[in-house]
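Each value in this text was obtained by applying a stated rule to the coordinates, not by laboratory testing. Everything quoted here is computed from the prediction, not taken from an experiment. As a convention, Cβ positions derive from the backbone with ideal geometry for all residues, glycine included, and neighbour counts pool all protein chains shown.
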Amino acid sequence: MKGYQIILLISFILVAAFGYGLKFLNLRHLRKYGDIVPEEFKDYIDAQLLKKTRDYTLEQSRFGFIESIFENILVLAFFFGGLLNMYNSWIESFNMPFVLSGVVFFLALSYANTIISIPFDLYGIFRIENKYGFNKMTWKLWISDFMKSIILSTIFIGIMTSGALYLMKASPDFWWLFVWLFFLLFSIFMMYISPYVIEPLFNKFTPIEDEEIEGSIRDLMKKAGIKISRVFKIDASKRSAHTNAYFTGIGKVKRIVLYDTLLKKMERSEILSVLAHEAGHWKKKHVLKMLIVVEAMSLIGVYISFMMIKSGILLRIFNIQNDTVFANLLILGFAGGIVSFPLTPIFSYFSRRHEREADRFAAEMTENREAMATSLIKLSKDNLSNLHPHPLYAGFYYSHPPVVQRIREIRGRP
């Protein structure tokens, strides 16, 4: 089995190296063209702000390199350095019931990962985001968010792990189907309750005060054939200066949520353009289409996992002494990340195609292409978005077309 382990090790290193190579190309491209103001941004960005944008992207990327390398070293040590075998044997030594043992196995790993991530999270928020004027979060708020996140992750991991393991024990031959169905139903359930239970734990939702804007939004959604229950704003400014807006909820009735930062920085026509774009995703059923594709692939993946666990090959490859489902699942997650990596540009391509469809829908519905263009310009300016991504990097990773290209397409220019 040593040969299979070497193949997995080499594959993991190649995937990581390929990703680093693309990021290096992207940074080199930014250094070369980062001081050039695109024609579309000349009335909005000066040389000083463009330099700030370039520096922000460069600093984020460098920090991301360091964090990624650190995480990959830990992954290599855990899977190929014998730590997984030691950890698995340690959990087994407590002789807990099957389901409880699995919950403890995955919760402990989740806590360890969270603790390891704390220094990187703090540096990113209180050093980088603060340096470039985005961070508004206090230490008290960060601690509050952290504790809430820990509690929520404990609840969700506990529910999902215990439910899946119970099904595996109850139906040894068909658990793959029941576990897939359980996760699907749980995901849909979370889509329903999240706007009412989870999101309000972190942000305050209040009706927007501007009745004229709310009326315009309702008229726009009515024109699009979308029924909305409420239009809210959230106090995003207490954490960050970044701007955004989104739809939430599932089914026939949606809620529209606007960042308070967005309301302050955009004109009414621009806000309507942003929401018209989001409406385009719903009308074109992009969320449903992606959900079907992801769930179909998940079903295949769960069945392959069932066959792999049944064969026992994974534990032999990594020399795991105690035969546990938990170690199998962890190895499958590791291997799945390697195998699914080539699918990244495919999903990115279809996501970009959906974004273009939503842009066209918004342009037809609002009949105001210029407002769409300026809303993107302001979003990019306010968020210090990279205006010069390398084509290969954007093609592989970007879920949206590069913003300059997107603005040109909205304005009908080549």
If you stretched the chain out fully between PHE65 and PHE18, how much longer would it get, using 0.36 nm times the residue separation minus the C-alpha to C-alpha distance? 15.6 nm
Quick check: pseudo-label points 7 Å beyond the Cα along Cα→Cβ at ARG360 and ILE143, how many nm apart are they? 5.3 nm
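Under the √(5λ) rule applied to the eigenvalues of the Cα gyration tensor, what semi-axes describe the equivalent ellipsoid of region 233-377? Give them in Å, descending.
Details: eigenvalues 365, 65, 37 Å².
Value: 43, 18, 14 Å, ordered largest first.
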Rounded FRET efficiency, nearest 0.05, which uses the C-beta distance separating ARG411 from GLU212 and R0 of 30 Å: 0.65
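Nothing charged except the Cβ atoms of Lys and Arg (+1) and of Asp and Glu (-1): what's the magnitude of the dipole of region 128-255 about its Cα centre? Round to the nearest 20 debye. Before the final figure, lay out each step's value.
On the way: 17 positive and 11 negative charges, 3 e Å.
My answer is approximately 20 debye.
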Cα-based helix-to-principal-axis angle, 369-383 vs the chain, degrees rounded to 10: 60 degrees
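At 25 °C and 0.890 mPa s, what whole-number value in µm²/s does Stokes-Einstein give for the translational diffusion of region 105-150, with Rh from the Kirkwood sum over Cα pairs? List each step's numbers first, then the result.
Numbers: Rh = 11.6 Å.
Calculated translational D: 212 µm²/s.
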Can you tell me how much longer the chain between ASP219 and PHE205 gets when fully stretched, taken as 0.36 nm per residue apart minus their C-alpha distance, in nm with one decimal? 2.9 nm
Degrees between helix 344-366 axis and first principal axis of the chain (Cα, 0 to 90, nearest 10): 30 degrees
Simple spin-label estimate for LYS32/GLU367, 7 Å along Cα→Cβ, in nm, reads 4.5 nm
Taking H placed 1.01 Å from N in the peptide plane, check which residues at least 5 places from LYS233 or on another chain put their amide H under 5 Å from its amide H. THR206, ILE208, LEU258
Between region 1-76 and region 147-166, the Cα center-to-center distance that results, in Å: 33 Å
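Just want to confirm a number: the relative contact order over the chain, from Cα pairs under 8 angstrom separated by 6+ residues, in percent. List each step's numbers first, then the result.
Details: 404 pairs, mean separation 94.2, N = 414.
Normalised by residue count, the contact order of the chain is 23 percent.
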Could you give the angle, 0 to 90 degrees to the nearest 10, between helix 83-92's Cα long axis and the longest principal axis of the Cα atoms of the chain? 70 degrees
Across the chain, how large is the tail of the calculated P(r) beyond 33 Å, expressed as a percent of all Cα pairs? 43 percent
Fraction of antiparallel bridges per DSSP, the chain only, in percent to nearest 5: 55 percent
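With only Lys, Arg, Asp and Glu charged, each at its Cβ (+1 for the first two, -1 for the last two), find how big the charge dipole of the chain is about the Cα centre; round to the nearest 20 debye. Let's see the in-between values first.
Details: 48 positive and 36 negative charges, 98 e Å.
Rounded to the nearest 20 debye, it is 480 debye.
Measure up LYS2/LYS310; LYS227/LYS381; LYS238/LYS264; LYS32/LYS136; LYS254/LYS283 against 22 Å on the Cα-Cα distance and list the ones that go over.
Among LYS2/LYS310; LYS227/LYS381; LYS238/LYS264; LYS32/LYS136; LYS254/LYS283, the Cα-Cα distance tops 22 Å for LYS227/LYS381; LYS32/LYS136.
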Express in % the proportion of alpha carbon pairs of region 73-166 at distances exceeding 17 Å. 63 percent
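Which loop GluC sites (Glu not before Pro) in region 186-270, with loop taken from DSSP, have no more than 11 other Cβ atoms within 10 angstrom of their Cβ? Present the calculation step by step, with values, prior to reporting the outcome.
Details: sites: GLU209, GLU211, GLU212, GLU214, GLU267, GLU270; in loops: GLU209, GLU267.
The qualifying sites are GLU209.
What FRET efficiency do you get for PHE350 and TRP90 if R0 is 45 Å and r is their Cβ-Cβ distance, rounded to the nearest 0.05? List each step's numbers first, then the result.
Working: r = 43 Å, r/R0 = 0.95.
Approximately 0.60, to the nearest 0.05.
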Might you report the magnitude of the Cβ-based charge dipole of region 148-215 about its Cα centre, with Lys and Arg at +1 and Asp and Glu at -1, to the nearest 20 debye? 720 debye
Along Cα→Cβ, 7 Å out, is where each label goes; now give me the distance between the ones at ILE157 and GLN48 in nm to one decimal. 4.7 nm
Using the Cα centre of the chain as origin and beta-carbon charges of +1 (Lys, Arg) and -1 (Asp, Glu), tell me which of SER305, PRO119, ASN26 is placed farthest towards the positive end of the dipole. ASN26
If the chain between SER117 and SER187 were fully extended at 0.36 nm per residue, the gain over the current Cα-Cα distance would be 22.7 nm
